[in-house]
């Protein structure tokens, strides 16, 4: 029989929010240790799990269901499995349930990937939860990557705790078009999460929509140039999260998603949502018609042109044996264009061999919005007790913004420290002087309590630290 009382969870409440409530309302050491570890790393599994589902169920004594129920009702496991094959999805569920390996979830670059979103709240949802449960709760729909609005109340999400400050800073209201794009994104993403339609056929539906627009040809080849251009033009009005606008404005992300799908690799669910929005809302763009290719010419003049362009193309390829296809195309643009329009089958058979580069993958440009918001904030979010100045450590700064280790390391390297309040441990004298000044303001001036031991106790410092570094 359980010695703890586990209170009811809200509908679709995230497992991180449930564990936080259990750690606060019980004296379970396992719950407190699991939540402290999750908060310290700021890296929830599938945006909503503080630990593996089996450990979560062991801590809560299956009060919220077995691991399969927790993954379905209190996590975003299905959201991250949208762009996966059946085999990859099975491996993901096994890793989330009770695994010792990294979860095979697709991700973006470190500064473009979302951090800890388990403290984001909708004001209306928080008010309803406070009336029903007597507390506020974080919902899984608010943990979805780049969602800025509640799909039920159309209100901007706010920061309800110290773990999601950076995510809240990146949410800001923009133009009416950006509001409309963000609301549609939240609606599409929530439908994928709540099983409104079969998530296993989501990519098949996306390819069908793009095939109707002739971005996917009958031969199975993708018209990536047109897809990049029209995709960027469709989302040119932006979003309320600048990182999502960064994903749509370049075109590299959509091309990478198409290439991953062709190789059978997992696709980030955000790209599936954006492509679904593009496929269903591209009626404003002109329909791309696939023009019929004429047959080979038969007249004498056309036959002479055919031989001339074929000869020129073969000569260019022979003179540049170690050049890529794109470079040869730029060396003989007229011959390539004529053959592509009139003799495409021959051109495909006489292309230069492909050259595989071995220089590693190209690094995408990181969004500047994250650097701008962190470096320009004027409020010190680091934790402090009883008005004492916070610790001068990068660890406290990272926890204040709720960032992952790798993302914070990259940001600190770019900025030379994170934010105007960033300090290095080497500036110990400055930190001790601030703590001492605060302690002297607490006690009465001229009182006998200004002894080193008393001031050190109020400043939360060791007695030997104060005379070694402070000057009074």
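Considering only region 123-141, state which residues are assigned to a helix (DSSP H, G or I), in contact (Cβ under 8 Å) with a residue 60 or more places away in the chain and in contact with a strand residue (DSSP E or B) (Cβ under 8 Å, 6 or more places away or on another chain). Within region 123-141, just 140 meets the criteria. Inspection of region 93-100 finds no residue satisfying the criterion of being touching a residue at least 60 places away in the same chain (Cβ under 8 Å) and not assigned by TED's automatic domain parsing to the domain that holds residue 248. Taken together, the residues in region 55-79 that are surrounded by fewer than 21 Cβ atoms within 10 Å (Cβ to Cβ) and within 16 Å of residue 22 (Cα to Cα) amount to 7.
Restricting region 150-164 to residues that are buried (at least 22 other Cβ atoms within 10 Å of the Cβ) and in contact with a strand residue (DSSP E or B) (Cβ under 7 Å, 6 or more places away or on another chain) leaves a set whose member that is modelled with the lowest pLDDT is 164. Filtered by the rule that a residue be over 27 Å from residue 396 (Cβ atoms) and outside any loop (DSSP other than H, G, I, E, B), region 21-54 gives 53, 54. Looking across region 252-267, the residues that are out of contact with any strand residue (DSSP E or B) (no Cβ under 6 Å at 6 or more places or on another chain) and over 18 Å from residue 110 (Cα atoms) come down to 255, 259, 260, 261, 262, 263, 264, 265. Restricting attention to region 60-77, does a residue exist that is closer than 26 Å to residue 407 by Cα, modelled with pLDDT of 90 or more and assigned to a helix (DSSP H, G or I)? The answer is yes, given that some residue of region 60-77 is closer than 26 Å to residue 407 by Cα, modelled with pLDDT of 90 or more and assigned to a helix (DSSP H, G or I). The lone criterion from (1) closer than 19 Å to residue 79 by Cα; (2) in a helix (DSSP H, G or I) left unmet by residue 57 is number (1). Looking at residue 115, is it under 24 Å from residue 52 (Cα atoms), outside the structural domain of residue 57 (by TED's automatic domain parsing) and touching a helix residue (DSSP H, G or I) at 6+ places or on another chain (Cβ under 8 Å)? Judged against the criteria, residue 115 is not a match.
The values are calculated or read from the model by the stated rules, or taken from the named source; none is laboratory data. Small disclaimer: the values here were computed from a predicted structure and weren't measured. Counting neighbours? That spans all protein chains shown, and the Cβs are built from the backbone with ideal geometry, glycine included.
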